[in-house]
Amino acid sequence: MHLPILLSSCQLASGLISARLRSSCRARLASLAVAVLAAGMACQAAATSEGSPADTISTSIYFPSGSASLKPDFMHNGMRLDEFIHRISALEADSAAITAVDITAYSSPEGSLEFNRELSRRRADRIADFLRHNIPSLPGDVLAVRPKGINWHTLALMVDTSAMKYRDEVLDILNNVPEQTYSDGKLVDSRLKRLKDLRGGQPYRYMYRHFFPALRNADISLVCRVERPGQQVNTVVETVVETTETVETVETTTETTTVETSTVTSDTGSDRKPFYMSLSTNMLYDALLVPNIGAEFYLGKNLSVTANWMYGWWSKNSRHRYWRIYGGDLAVRYWFGKAAKEKPLTGHHAGVYGTIFTYDFEFGGRGQMGGKPGGSLWARAQYAAGIEYGYSLPIARRLNLDFTLGVGYMGGTYYDYRPIDGHYMWQKTVRRHWFGPTKLEVSLVWLIGHGNANKSKGGGR
């Protein structure tokens with residue numbers, strides 16, 4: 001709200017009171033190579049463990065983005081699980097005994113480390129619950145649950161075997177930058193932030209389109225060693241569910257674990273880049289019966305541009321009541337702080353702004369008009385420019401409350417007048433030169449766009 005105008009309107013009111021494709025293929029081939037190598041390691045470990053012959057059966061189960069719900073109709077999960085349970089039943093019918101079950105779960109790089117660790121744990125626990133319910137003979141002490149969190153290893157392998165631009169710089173970040181860096185108890189840097197900031201975000205956007213679809217899965221590997229005395233049969237049955245959803249992949253470990261990396265088919269827009277924008281209304285204007293709307297767009301590199309427009313045109317000429325104001329402003333903002341690092345358009349922001357507007361207020365036989373009568377806004381505009389600071393506070397998944405204060409210069413010409421005998425008589429003309437607060441906002445902000453949502457309690461996204 002323009003404070004000098006607010007003061008003028010208050011004075012008048014008081015008067016009333018008184019009166020890319022090839023690189024993608026290479027990356028996917030690299031992922032499959034990881035799967036083949038890991039599967040071979042699992043088979044060898046199962047065949048030689050404890051000196052006894054064993055059969056190894058494995059499968060991978062996929063989850064929707066950000067979810068730990070096991071959905072049989074999601075990417076043929078039900079068919080894969082039925083086949084897995086059938087093979088276990090066949091081995092048990094042949095007098096075999098289950099001796100080990102390994103469940104390893106992963107998650108994708110997006111989101112906080114805490115959320116991804118918890119997500120992979122919940123996914124692994126969900127698979128364990130399914131096995132306990134559907135294999136009554138499963139001993140309780142043979143289950144090994146290993147939630148691994150984010151799968152950086154496979155991402156590095158995919159980058160290393162690709163021909164993407166800035167590959168060496170990306171690999172340097174993946175191999176040498178810690179997942180998170182703290183100073184005095186505050187998060188000051190992270191591997192994901194470095195990737196997003198590198199070369200204006202170009203390598204990150206490329207990986208988002210070409211590599212991340214293969215990483216965004218929950219690749220659950222189930223390895224069952226089944227012992228049958230006197231016979232050694234090493235049979236590995238591997239199934240990989242192709243997905244068009246957001247899923248996570250797994251990395252190779254030295255444990256007895258079959259690891260499979262999926263080749264992802266994306267035909268539903270799962271490789272969309274995040275898009276951040278918002279619509280807002282300044283509730284201070286609303287309280288003064290001045291309808292208004294604002295829009296803000298995130299440009300990247302912690303920068304955004306915002307535009308606001310207001311229009312209130314109320315009058316009752318017979319009683320000399322006028323409440324008219326319209327105009328708008330444009331601002332460029334820089335976002336900073338921990339909240340802004342976690343998600344754009346949230347947390348602290350500072351910037352510069354410019355405003356243009358005109359007004360006509362009249363109460364109780366006394367009025368003030370900003371600019372000459374008649375003509376367009378540009379011909380009679382009041383104007384202001386300055387610097388601003390604010391904070392955007394999340395209050396719901398798609399809502400923020402933004403507080404902004406601007407200080408600068410306001411200029412223009414305004415006229416005092418009085419209605420006398422059916423005419424408006426000019427009393428004085430004033431050239432305004434104001435230095436001080438010129439902008440005040442308490443805005444309700446609606447977040448719009450893919451990925452533009454606040455975390456819920458517990459780290460949901």
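Read-outs throughout are calculated quantities, based only on the coordinates presented, and are distinct from any laboratory measurement. Computed from a prediction, not measured in an experiment: that's the story for all the values here. Because the Cβ atoms are built from the backbone with ideal geometry, glycine has one as well, and the counts that use them run over all protein chains shown.
Tally Lys/Arg at +1 and Asp/Glu at -1 over every other residue whose Cβ is under 12 Å from the Cβ of THR438; what's the total? So the surrounding residues net to -1. Arranged from fewest to most other beta-carbon atoms within 10 Å of their beta carbon, LEU192, LEU393 become LEU393, LEU192. Charge tally around THR181: other residues with Cβ under 13 Å, Lys/Arg +1 each, Asp/Glu -1 each, net +3. Using the Stokes-Einstein relation with a Kirkwood hydrodynamic radius computed over Cα pairs, the translational diffusion coefficient of the stretch 163-210 at 20 °C and a viscosity of 1.002 mPa s comes to 190 µm²/s.
Can you list which of the chymotrypsin sites (Phe, Trp or Tyr not before Pro) found in the stretch 183-213 are DSSP loop residues with at most 15 other C-beta atoms within 10 Å? Can you show the working numbers first?
On the way: sites: TYR204, TYR206, TYR208, PHE211; in loops: PHE211.
Within the stretch 183-213, no chymotrypsin sites (Phe, Trp or Tyr not before Pro) qualify (loop, at most 15 other Cβ atoms within 10 Å).
Tally Lys and Arg at +1 and Asp and Glu at -1 over the other residues with C-beta under 11 Å from the C-beta of GLY312: what net charge comes out? With Lys, Arg at +1 and Asp, Glu at -1, the neighbours total -1. Ellipsoid fit via the Cα gyration tensor, the stretch 122-221: semi-axes of 35, 18, 11 Å, each the root of five times an eigenvalue, largest first. Of the residues MET158, MET283, the one with the fewest other Cβ atoms within 10 Å heads the list, and the complete ranking is MET283, MET158.
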